[in-house]
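The values are calculated or read from the model by the stated rules, or taken from the named source; none is laboratory data. Keep in mind that what you see is a predicted model, and the values were worked out from it rather than measured. In this analysis, Cβ positions are derived from the backbone assuming ideal geometry, glycine residues included, and neighbour counts consider all displayed protein chains.
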Amino acid sequence: MTTVTLTINGAEIVAEAGLTILEVARRSDIIIPTLCHVQGKPTGNPCQMCMVEIEGQEDLILSCVSPAQEGMVITSDSDRIAAHRLERLAILAETHFGDCKAPCNLTCPGQINVQGYIAHVAKGQYEEALRLVMERNPLPFSVGRVCPRFCETRCRRILVDEPVSINHLKRFVADWCMSHEIDLEIPKDAPTGKRIAVIGGGPAGLTAAHFLTRKGHDVTIFESSPMLGGALRYGFLEYRIPRDVLNYEINTILRLGVSVKLSQKWGKDFTLQSLKDQGYDAIFIATGTGVDIPLEIPGAVNPHTYSAMKYLRRMAEGKAPDMGKRAAVIGGNNIAMEVARTLIRQGVAEVTVIYPRSRVEMPAHQRNIREADKEGAQFLLMASPVTIADSVEQGSRLKLELIRMKLGEPDAKGVRQPEPMPGSSNILQVDSIVSSLGQRAVSDTFSGGELEKTIALSPNKTIDANVRSSQININGVFAGGDAVSGPRSVIQAVVSARRAADNIHAYVMGVPKEEGESRFNFTRGKGFDDVDLKNFDGINVKLREKMPTRPPEICSQDFDEVKLGFSEKMALHEAERCLSCGCTAYDRCDLKELAINHNLNINKTGMGTTPVYARDYSHPAIIVDKNKCIFCGRCERACEYDALELGADSFDDKGRPVGLILGFNDKCVSCGKCVDSCSTGALNKKAQTIPLHTEPVTEVRSTCPYCGAGCQIILRVKGKTIIEVTADPEQAPNYGALCVKGRFGHEFIQHKERLTKPLIRKNGMLVETSWDEALDYTAKKLFDLKAMYGPDSIAGFSCARATNEENFLMQKFMRTSIGTNNIDHCARL
Amino acid sequence: MTNSIADIIEADVIMVIGSNADTSHPTIGLRIHQAKKNGSKLLVIDPRRTGFADEADLWLRPNPGSDVALLNGMVHVILEEGIWDKTFVEERTENFEELEIVTAKYTPDYVEKITGIAEAQLRAAARLYASPGKKCAIFYGMGLAHHATGTDNVKSVANLAMLCGKLGVAGGGVNPLRGQNNVQGACDMGALFNTLPGYAGLNNDDVFDRYEKIWEVKLPRRKGKAATEVWDAILEGDIKGIYVFGEDPVLADPNAHHAVAALEKLDFLIVQDIFLTDTAKMADIVFPAACYAEKDGTFTCTERRVQRVRKAVEPPGEAKADWQIFCELSHRMGYDMPYTHPEEIFNEVTQLMPQYAGITYERIEKVGLQWPVPTQDHPGTPVLHIGRFTQGKGLFIPEDYTPPTEMPDAEYPLMLTTIREIPQYNFGSMTRKTPEIEALCPEPFAEINHEDAVRLGIDDLDTIEVSSRRGTVQLRAKISDRSQLGTIAIPYHFAEVPVNNLTLNSLDRLSRSPQYKICAIKATKVEA
């Protein structure tokens, strides 16, 4: 072999002669980016990403076609090259049109791969859907019931009819897995030996425990109550989150291997110092906001006036206080709505919510207000409590004096604050009052130990933790959830705790925190107004499935769950409504990856804004979206059948195609190699509907199970599901070539008709049985036949589809255990 | 295959006989087309106008089942014209005289009478393949093997290749294309009634002694029954119990009614499969098995390459890997197979089989090895028979032409041949579960020649009834000049059109392969 010696980026390389610079670089693990390169098939329209500098030559040259020559001094990483690449990328990005991630995904505070789990539902892969949710949210049962559903507000389907019922689908998969007793078998990293204390077993504490345990840490939750759950148990009553569901959810987390200490009061049973002394490597405070802001009006301290948290907790503990027949709820937040609905269920005949502004200004979610309204809560708006006194009237305990409010002049920020209307006194006769004026982490300062006293607090009496690091002002102590943010939704607590878990992991392991996902995103339009309605041509109206709900007049009589959950059929139907906005080539898109690596700011340089071409679904296995095509030509050149027609009516001044032609001719054998070669998401497999973001995907190399050609395949596995099958262009004997069966024909693996249990014939019918019975019975029958008729009365058919090892064992079994050469297989068939 | 897929591109001449690799082995078909494009000459012998026939430099369209006569005719011409490889024949073969004697009567005239191939074409084909000094590869498939004279066909191909000295060189060879992913391996492993693993014959007492020592058990040394013979043995009362591992004879066997009748008579039927196949529905016991993606192991492909199969996902429910089922059942039968991983089984295979002796899982971690691999430092054997034949000298075994068992007659005037469609595989139990594949190929069509269609009053897409002496199927017709005059071709992937109810269980006398490719049928239009 003749060789050449050259230098790339300062490294001297001895390479085989006759290779291109790009090939030499690749073989030396030097990455020179390219968007258009197909081994052995140069293009006349190069992407120019692979251009390099050669000492002594003024112009940049294409490394993909230039032969590596003796003594060359090559640079592939200079500023000049980077600038050139950036310029080229900007040109390509300018006409690339599509969504990298779907708006639901981007809007979700948890950054959950919403489109992915909906696609799993549509395929009937409920277990995998839940596993995907659990990658980022370990509380799918609760969140699936109480989430404010930020995602649904941005669902593009709104521009067609109604948003997809995303949250109900999440709840469906969680409930389905519970009722089918699915063990998700969530993987855990090897033990790190690090111990972490989590104070508080509510949503944030449980979330942190989940993710830290998955990272291999030894986590102990310290919970002050006798049961875990925090706000999930004591803030939402059974009609929102049934106890058996909540217990199941918590147990799913604990089964990972989390230690729990119940009825442990912080400051009394333990302190930060005592935890440190016990050798915990980090402490996470997730105590939530269990302290109500007090109602500070005359007469507020009386036996019939409760704060919201205290009232709800007593109800949750089954120690219902006597609230009489009429109750007032002071406050308009979400917790106030829970209080009102709980009072109604408790049997209070008249429940009046009092709020100083109008209904639309109430901080509670409108959905929650509507539910309370439907169940019979009354709303006294534009009113504020003044005093509470013992009632003198027959049949009521308290006299609540109110003052009517009106909106004042706009303040500096333009907000019209309510002002009392002088002299407008109202009297409300009630038996009990519950105030819900907001919650904080602590009433004054933390206590119980020296360290506790020093915890820095915000003016709102929440813990002051660094937004990026989750650390508080004490080394090794982190905080998250409502205790830091004040009362927020469950999903927000989950996110806060997940971030904290990442930070704690980095802290205890002494490693840098994993980089967050890039925010780089092509979008078909940020706001609804930016989205071209042509995007939805051909999409028919299909309204969302209605959540089966018990009628308010009935459900308000008891504490049973109000919303009953989707049936499987409804879930499938609803999942099919998803428009699949996000790109299913997300994980393999070279354009996106290079744009991120080169810090391309497409918000400045521009991206496509309108769909120029309709998506083409005419191929049986492949979807073509020409709006994403960057005309790299890899599909055409990778195709070994000359089956792709790629061209353009003309080219614009920057060399981009106008009137793009991309289609298949009748030579196409649907082998799908073009899709695996596509540099963006212009070509997609119809069956690959799951966008893969940061979820771990395992690539398992194997051999195709069809004909005897022995093609090498790569099974891409996410969770426990094969997502797609590809091939390695470098691997003998097929060098990336597969037929339609090899690339697409693997749905049988996870088909519902697979046999899952041994069957035995009883009374003429095949019925399920245990392995023991099936094997014992078989062995006995074979013994009997041998004894009665001799071993040659038994014959075995082996399997040309099974492995060598198994064929070997089958013939060994027949020859040894049975004692016959009556063994054969279908070689001839 | 004596040779490798990778050296197809090196062939000067490629002869394809009885194979439509475009549908049966698409990635190999692709390489043959690429070689053609790259300058190789393509010689196609097939009654059916395949995609290869369309591209061929020379296409011979013989009468179905006349291959031995045609191949003998080619030998005859080559001898007559003196263009055989005399050195090769002299140095590396024996029994040449017998070849001369047997093929003497296969004059072009005589051959034309049997095959319908004119002398000029026969001579052109013989010259093209013989091309002295050129590398010529033969590829054949089930179109050659699925005949009552299948082994005769194969031997005749081997005779031709040896005569012309086309073996032991990259770009040459005799290359059977194996139909199933591991049919090569299943044969290698001795899942055969007439050999032990590694093709050690049942008459080899030394091998038996060795196996008995290693396996610590007395082994039966009498011959077993071939799968295709089992049905008669059941009906005659000799066989009472069957263990069917991953096969569906109810659909797959020729004259399937015969197989069903036999299965019904059985005392005990065990089926081990991934789906409840038609055969499994008749079983007394069904063991649920893991599929290829749910277990570790190896497959051996048609080019003798031993490659890894790796577990990617868990089997569904309580399904188990087949090897585990064998171990558990064997244990209950009193013979322990205490394997804990397929690699342990493989290591036993390599200990017993000289062809696999040098292979380890570690060595095939990235790229598979082509057997024989006699030692752990042996690089594998991409081309067999370089310099010398494995068995010493190559033996010419000339055979005479025997007509197919069932030829058309007045009552059944047409011939049936069974074919594959590219998207589907075998009986569709796997492929038909992928919607894209069903979209590409949702139903079978009876491919019928235009002239036959006109004569029978059949229009394109008419529903027709096709019957043989053994059964009847209905399906739609597709008028196509791919089918030879007098022949209807039907794909066999579709359980709703069980074409093996028509086929003939006439077996090759040695290999016991059935004659899937020819039986006499009649076809009539079904009036709506």
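Okay, here's what the table says:
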read-out: Hits in the stretch B:496-528 (condition: among the small types (Gly, Ala, Ser) and touching a helix residue (DSSP H, G or I) at 6+ places or on another chain (Cβ under 7 Å)); value: B:SER511, B:SER513, B:ALA523
read-out: Given (1) facing chain A (nearest Cβ under 7 Å); (2) under 12 Å from A:THR803 (Cβ atoms); (3) in contact with a Pro (Cβ under 9 Å, 6 or more places away or on another chain), number of the condition B:ALA321 does not satisfy; value: (1)
read-out: Residues being more than 9 Å from chain B (Cβ to nearest Cβ), within 40 Å of the chain's Cα centre (by Cα) and surrounded by 12 or more Cβ atoms within 10 Å (Cβ to Cβ) - total across the stretch A:751-774; value: 1
read-out: Conditions (1) closer than 30 Å to A:PRO620 by Cβ; (2) at pLDDT 95 or above; (3) not aliphatic (A, V, I, L, M); number of the one not met by B:THR375; value: (1)
read-out: Qualifying position, being surrounded by 15 or more Cβ atoms within 10 Å (Cβ to Cβ), basic (Lys, Arg) and within 25 Å of B:ALA290 (Cβ to Cβ), among B:LYS320, B:LYS366; value: B:LYS320
read-out: Sole residue being facing another protein chain (nearest Cβ under 9 Å) and not acidic (Asp, Glu), chosen from B:THR402, B:THR418, B:THR434; value: B:THR434
read-out: Single residue of the stretch A:35-73 satisfying the filter (touching a helix residue (DSSP H, G or I) at 6+ places or on another chain (Cβ under 7 Å) and either β-branched (Val, Ile, Thr) or assigned by TED's automatic domain parsing to the domain that holds A:ALA682 (or both)) that is modelled with the highest pLDDT; value: A:VAL52
read-out: Residue match in the stretch B:211-226 (condition: more than 10 Å from chain A (Cβ to nearest Cβ), within 30 Å of B:ALA137 (Cα to Cα) and either part of a loop (DSSP other than H, G, I, E, B) or out of contact with any strand residue (DSSP E or B) (no Cβ under 8 Å at 6 or more places or on another chain) (or both)); value: no
read-out: Residue within the stretch B:284-300 that is surrounded by 19 or more Cβ atoms within 10 Å (Cβ to Cβ) and more than 9 Å from every other protein chain (Cβ to nearest Cβ) present; value: yes
read-out: Qualifying residue in the stretch B:316-323 (condition: of a type outside the set (S, T, N, Q) and assigned to a helix (DSSP H, G or I)); value: yes
read-out: Residue ranges of helices (runs of 4 or more DSSP H) in the stretch A:1-117 with at least 1 members within 30 Å of A:ARG577 (Cα to Cα); value: A:79-95, A:103-107
read-out: Scan of the stretch A:514-542 for residues that are at pLDDT below 95 and either under 18 Å from A:ILE283 (Cβ atoms) or among the hydroxyl-bearing types (Ser, Thr, Tyr) (or both), ordered by number; value: A:SER518
read-out: Qualifying residue in the stretch A:779-795 (condition: under 15 Å from B:PRO197 (Cα atoms), of a type in the set (A, V, I, L, M, F, W, C) and touching a residue at least 24 places away in the same chain (Cβ under 8 Å)); value: no
read-out: Total residues in the stretch A:728-750, condition in contact (Cβ under 8 Å) with a residue 60 or more places away in the chain and more than 9 Å from chain B (Cβ to nearest Cβ); value: 3
read-out: From A:THR694, A:THR698, residue being part of a loop (DSSP other than H, G, I, E, B), of a type in the set (Val, Ile, Thr) and surrounded by fewer than 19 Cβ atoms within 10 Å (Cβ to Cβ); value: A:THR694
read-out: Options A:VAL348, A:VAL353; residue that is over 18 Å from A:ASP292 (Cβ atoms) and at pLDDT 95 or above; value: A:VAL348
read-out: Candidate set: the stretch B:325-340, residues that are over 16 Å from B:GLU216 (Cβ atoms) and without any contact (Cβ under 8 Å) to a residue 12 or more places away in the chain; chosen: the one farthest from the other protein chains (Cβ to nearest Cβ); value: B:THR340
read-out: Test set (1) within 24 Å of A:ASP784 (Cβ to Cβ); (2) without any contact (Cβ under 8 Å) to a residue 40 or more places away in the chain; (3) more than 7 Å from every other protein chain (Cβ to nearest Cβ); (4) not β-branched (Val, Ile, Thr) - B:ASN194 fails condition number; value: (1)
read-out: Single residue of B:GLU314, B:GLU264 found to be in contact (Cβ under 8 Å) with a residue 12 or more places away in the chain and either more than 9 Å from chain A (Cβ to nearest Cβ) or not charged (D, E, K, R) (or both); value: B:GLU264
read-out: In the stretch A:713-722, the residues that are at the interface with chain B (Cβ under 7 Å from one of its Cβ atoms) and not in a strand (DSSP E or B); value: A:LYS720
read-out: Per-region count, the stretch A:775-795, residues more than 7 Å from chain B (Cβ to nearest Cβ), among the aliphatic types (A, V, I, L, M) and surrounded by 15 or more Cβ atoms within 10 Å (Cβ to Cβ); value: 0
read-out: Test: A:PHE284 is more than 34 Å from the chain's Cα centre (by Cα), buried (at least 18 other Cβ atoms within 10 Å of the Cβ), at pLDDT 95 or above and at negative phi; value: no
read-out: Test for A:PHE748: is it aromatic (Phe, Trp, Tyr), touching a helix residue (DSSP H, G or I) at 6+ places or on another chain (Cβ under 6 Å) and closer than 19 Å to B:PRO316 by Cα; value: yes
read-out: Unique match (being charged (D, E, K, R), farther than 30 Å from B:ARG304 by Cα and without any contact (Cβ under 8 Å) to a residue 40 or more places away in the chain) among B:GLU438, B:GLU411; value: B:GLU438
read-out: Test: A:VAL725 is more than 24 Å from B:ASP22 (Cβ to Cβ) and either within 7 Å of chain B (Cβ to nearest Cβ) or not hydroxyl-bearing (Ser, Thr, Tyr) (or both); value: no
read-out: Those helices (runs of 4 or more DSSP H) lying entirely in the stretch B:75-167 with at least 2 residues within 28 Å of the chain's Cα centre (by Cα) and closer than 30 Å to B:ASP253 by Cα; value: B:108-115, B:142-145, B:150-163
read-out: A:VAL339 vs. criteria within 30 Å of A:GLY408 (Cα to Cα) and assigned to a helix (DSSP H, G or I); value: yes
